Amino acid sequence: MKIEHIGIAVKSLDGTNKLYESLLGIAPYKTEAVESEKVNTSFFKVGESKIELLEATDPNSPINKFIEKRGEGVHHICFDVADIRKEMKRLKEEGFILLNEEPKKGADNKWVCFVHPKSSAGVLIELCQEIE
């Protein structure tokens, strides 16, 4: 339906929050710990989309591994979908590799699923749907 957010992996949420507050002229509207992904997040609203900053809370978290390999920067692009299960089924049928077989609870009250970057031109794609 739209680009819901762009996820950016960062070493320091506090420091990067200050940077984005200066850049965008606004404070994050929300911070949240996502235990299942071993991250702390903050969100900035930018027009119809958001910027999500992600800081690892564990050395073995995917975000920490990403930063060790590639440094800080864009981690994923998230697309808002109306029916995440239907979209997961469609993408699987199209040959995309999903990183999770079932939607899982993510940040910002969303069901989420990730598409492996090997099947999406090197970009980690996240699908999300509002939890109702």
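The values are calculated or read from the model by the stated rules, or taken from the named source; none is laboratory data. Just so we're clear, the structure is a prediction, and the values are computed from it rather than from any experiment. For neighbour counting, all protein chains shown are included, and Cβ atoms are generated from backbone atoms with ideal geometry for every residue, glycine included. Ligands, DNA and RNA are excluded from the accessible area calculation, which covers all protein heavy atoms including side chains. Shrake-Rupley method; radii C 1.70, N 1.55, O 1.52, S 1.80 Å.
Tabulated results
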| quantity | calculated |
| --- | --- |
| Number of positions in the stretch 46-81 that are charged (D, E, K, R) and assigned to a strand (DSSP E or B) | 4 |
| Count of the stretch 28-45 residues which are open to solvent by 40 Å² or more (accessible area, probe 1.4 Å), assigned to a strand (DSSP E or B) and either at pLDDT below 95 or touching a strand residue (DSSP E or B) at 6+ places or on another chain (Cβ under 8 Å) (or both) | 5 |
| Every residue from the stretch 47-57 that is open to solvent by 50 Å² or more (accessible area, probe 1.4 Å) and under 17 Å from the mean Cα position of the chain (by Cα) | Glu48, Thr57 |
| Test: residue in the stretch 70-80 that is within 21 Å of Leu19 (Cβ to Cβ), among the aromatic types (Phe, Trp, Tyr) and surrounded by fewer than 19 Cβ atoms within 10 Å (Cβ to Cβ) | no |
| Residues being buried (at least 19 other Cβ atoms within 10 Å of the Cβ) and part of a helix (DSSP H, G or I) - total across the stretch 4-15 | 1 |
| Scope the stretch 85-109; condition at pLDDT 95 or above, in a loop (DSSP other than H, G, I, E, B), under 20 Å from Gly7 (Cα atoms) and among the hydrophobic types (A, V, I, L, M, F, W, C); matching residues | Ile97, Leu99 |
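Each row is one residue, and each column tells you yes or no for (1) in contact with a strand residue (DSSP E or B) (Cβ under 8 Å, 6 or more places away or on another chain); (2) polar (S, T, N, Q); (3) over 18 Å from Ser36 (Cα atoms); (4) in contact (Cβ under 8 Å) with a residue 12 or more places away in the chain.
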residue	(1), (2), (3), (4)
Thr57	yes, yes, no, yes
Lys89	no, no, yes, no
Glu93	no, no, yes, no
Lys118	no, no, yes, yes
Glu130	yes, no, no, yes
